[in-house]
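*Asks:* I have a structure I would like to understand better, so I am pasting it below and will then ask my questions one at a time.
None of the figures in this text is laboratory data; all of them are computed from the coordinates on show. All values reported here derive from a predicted model rather than from experimental measurement. Here Cβ is always computed from backbone atoms with ideal geometry, including for glycine, and neighbour counts include all displayed protein chains.
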Amino acid sequence: MSLVQQLNIFDCDTNIQQNDWIFQRLEALQIERTLNVGELKISRTERFYVVEKEAEFEEVFRNIERCYEFINQNLLH
């Protein structure tokens, strides 16, 4: 039995990330600062990115790539 890993657009093209304004703002986000994107509130601690949507969820990410992917998936909801 072989396992097939499904890739998404965020894994395949780093140009998308580097040229996207949300990714650029995440990269520039300083520790202990907050960024608002639509209804999402993104905070950065020394070790994590925290994404919140009031009264719905709070997710913690260790790296910027997964945080960016999560934000893009949840902007439509």
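*Asks:* Could you compute the net charge surrounding Phe23? Neighbours are other residues with a C-beta less than 11 Å from the C-beta of Phe23; K and R count +1, D and E count -1.
*Replies:* Summing Lys/Arg as +1 and Asp/Glu as -1 gives -3.
*Asks:* Also: Taking H as built 1.01 Å from N, whose amide H comes closer than 5 Å to the amide H of Asp20, not counting residues under 5 places away?
*Replies:* Close amide H contacts, sequence-distant or interchain: none at all.
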